[in-house]
Amino acid sequence: MYIFTEVEYEQLFEEAITTNGKLLINHDGFDEVADWKTDFLTELSHYVKLRPGLELSICEGMQHCEMKSWSIHGEPYPLISKFYVVGNLRTITPKVQDIPNDYVEQVGRNYLFYLPNVDEIHHSLAGDNYLHVIITIDLDVFKAFAKDFEVLPTPLKALINQKSPPRFHHPVGEITPAMFVVLQQILKPPFQGMMKRMYLESRVLELLALQLNQFLDQEQAVRYIPNLRPSDVEKTYHARDIIIRRAENPPSLLELAQLVGFGDRKLRYCFREVFGTTVFGYLHDYRMEQAKMMLASNSKIQVTEVANMVGYSHLGYFAKAFKQKFGISPKDLQFGNKPLE
């Protein structure tokens with residue numbers, strides 16, 4: 001294993017750019033693209049300064065060797081929003097109060113954190129592929145969006161109102177379908193130059209709004225379920241997010257319980273307490289709602305295609321379940337022959 005200090009890692013980057021890489025400053029009039037390769041990793045990085053205090057980073061690459069690299073956070077430190085489209089990352093933060101000593105940020109999930117005056121060690125394994133979308137927002141920029149912060153999650157209220165706010169690292173949840181759409185728009189913007197910059201800023205702010213809303217929903221859920229510990233509620237939401245992400249081919253109840261750190265009996269109990277239904281009752285309702293949305297918005301899509309997209313291989317079973325749920329057949333809904341009951 002190779003261990004790099006922050007300075008050594010920067011030197012590794014500079015040497016790679018000088019020898020066999022590319023560094024394009026103002027590539028599209030405002031951004032920076034770095035394409036570099038070493039014996040340790042290959043990476044394509046894209047940095048976009050959207051406005052002073054608001055930046056977007058897209059990092060895509062592959063690890064060739066196991067390595068650890070130090071990251072030293074000073075102060076002032078910004079608020080960081082991070083989305084793991086591909087790959088995981090293990091981070092070690094020894095002897096830091098209120099932050100886990102060793103945690104893994106996972107693919108398909110999003111995170112929000114504020115970690116000034118922290119030394120981190122990032123641990124990557126050989127063969128790891130990754131694609132991370134990172135939003136960096138200075139606290140002054142964040143404060144400028146509104147005067148009333150009462151609707152924000154608690155850690156962000158402290159970030160705004162206190163002179164020395166506490167650190168936090170929060171796993172907000174799964175990347176939702178709405179977030180995934182915005183991430184794809186960020187990764188493949190349809191414009192160039194100034195219009196691209198405007199477009200990316202709007203998508204970044206939308207992504208932040210979706211993340212903060214998910215954070216707030218999670219916090220309110222924890223607050224209003226007295227029979228469960230906050231950690232159990234968080235795991236239950238994680239289970240919900242997994243079945244949404246894998247709705248086409250969901251895990252078994254036992255596999256789902258193992259993924260979130262529950263026994264299957266406890267998962268069933270917690271899920272009913274939080275969502276008022278069973279795991280697969282929730283999945284069924286989600287599939288039906290997704291199917292209704294697709295059919296109502298596209299008169300050209302085939303009902304068989306919709307059934308397959310939401311996890312039904314048998315058209316007859318899908319049509320029967322749909323009519324039981326909405327009181328109307330998929331075809332009638334699609335072509336507006338009858339109103340929904």
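Each reported figure results from applying straightforward, stated rules to the coordinates on display, with no laboratory input. These figures come from a predicted structure and were not determined experimentally. Glycine also receives a Cβ, built like all others from the backbone with ideal geometry; neighbour counts cover every protein chain displayed.
Principal-axis analysis of the Cα atoms of the chain puts helix 279-297 at an angle of about 90° to the longest axis.
A simple charge model with +1 on the Cβ of Lys and Arg, -1 on the Cβ of Asp and Glu and nothing else charged puts the dipole of the chain at about 1680 debye relative to its Cα centre. Give me the percent of DSSP beta bridges within the chain that run antiparallel, rounded to the nearest 5. Just about 95 percent of them are antiparallel. Using a ≥ b ≥ c from the Cα gyration tensor of the chain (square roots of the eigenvalues), is it rounded, prolate or oblate, where a/c under 1.5 gives rounded and otherwise the larger of a/b and b/c decides, a/b for prolate? Taking the square roots of the gyration eigenvalues as a ≥ b ≥ c, the chain is prolate. Most fluctuating residue of 40, 145, 83 in a GNM of the chain with Cα springs under 10 Å: which is it? Highest fluctuation among the options: 145. When 71, 124, 164 are sorted by how many other C-beta atoms sit within 10 angstrom of their C-beta, beginning with the fewest, the order is 164, 71, 124.
Put a dot 7 Å past the Cα of residue 248, heading toward its Cβ, do the same for residue 2, and the two dots end up 3.7 nm apart. GNM remark for the chain: springs join alpha carbons under 10 Å apart, and the peak mean-square fluctuation among 212, 259, 115 falls on 259.
The residues packed around residue 246, meaning those with a beta-carbon under 13 Å from its beta-carbon, carry a net charge of -1 if Lys and Arg are +1 and Asp and Glu are -1.
Between residue 181 and residue 195, what is the label-to-label distance in nm when each label sits 7 Å out along the Cα-to-Cβ direction? For residue 181 paired with residue 195, the spin-label model returns 2.2 nm. Past the 12 angstrom mark, what percentage of all C-alpha to C-alpha distances in segment 281-335 do you count? Distances greater than 12 Å cover 59 percent of the Cα pairs. Using only the alpha-carbon atoms, how far is helix 177-187 inclined from the longest principal axis of the chain? Give it as 0 to 90 degrees, nearest 10. Its long axis makes an angle of about 40 degrees.
Using only alpha carbons, segment 2-84 has a radius of gyration to Kirkwood radius ratio (Rg to Rh) of 0.97. Residue-normalised convex hull volume from the C-alpha trace of segment 49-200: 131 Å³ per residue. Using all Cα-Cα distances in segment 45-98, what percent lands in each 10 angstrom bin from 0 up to the longest? Spelled out per bin, shortest first, that is 14, 44, 35, 7.
Computed over segment 1-41, the P(r) curve from all C-alpha pair distances, binned at 5 Å from the origin, holds 6, 22, 25, 20, 16, 7, 3, 1 percent per bin. Within segment 112-247, the proportion of Cα pairs with more than 27 Å between them is 33 percent.
From the square roots a ≥ b ≥ c of the eigenvalues of the alpha-carbon gyration tensor of segment 94-145, which class results: rounded (a/c under 1.5), prolate (a/b over b/c), or oblate? Note, shape of segment 94-145 comes out oblate.
With +1 on each Lys and Arg Cβ and -1 on each Asp and Glu Cβ, how big is the dipole of segment 225-276 about its Cα centre, in debye rounded to the nearest 20? Mind showing how you got there, number by number?
Working: 9 positive and 7 negative charges, 22 e Å.
The dipole of segment 225-276 has a size of about 100 debye.
For the chain, the longest principal axis of the C-alpha atoms and the axis of helix 230-245 are separated by about 70°.
A simple spin-label model places pseudo-atoms 7 Å from Cα toward Cβ; at residue 308 and residue 95 they are separated by 5.9 nm.
Hey, fewest Cβ within 10 Å first, where do 65, 270 land in order?
Arranged by neighbour count, lowest to highest, 65, 270 become 65, 270.
Centroid-to-centroid, using Cα positions, segment 227-256 and segment 130-202 are 25 Å apart.
Summarised as an ellipsoid, segment 225-276 has semi-axes of 18, 11, 9 Å, derived from the eigenvalues of the Cα gyration tensor scaled by 5 and square-rooted, with the largest first.
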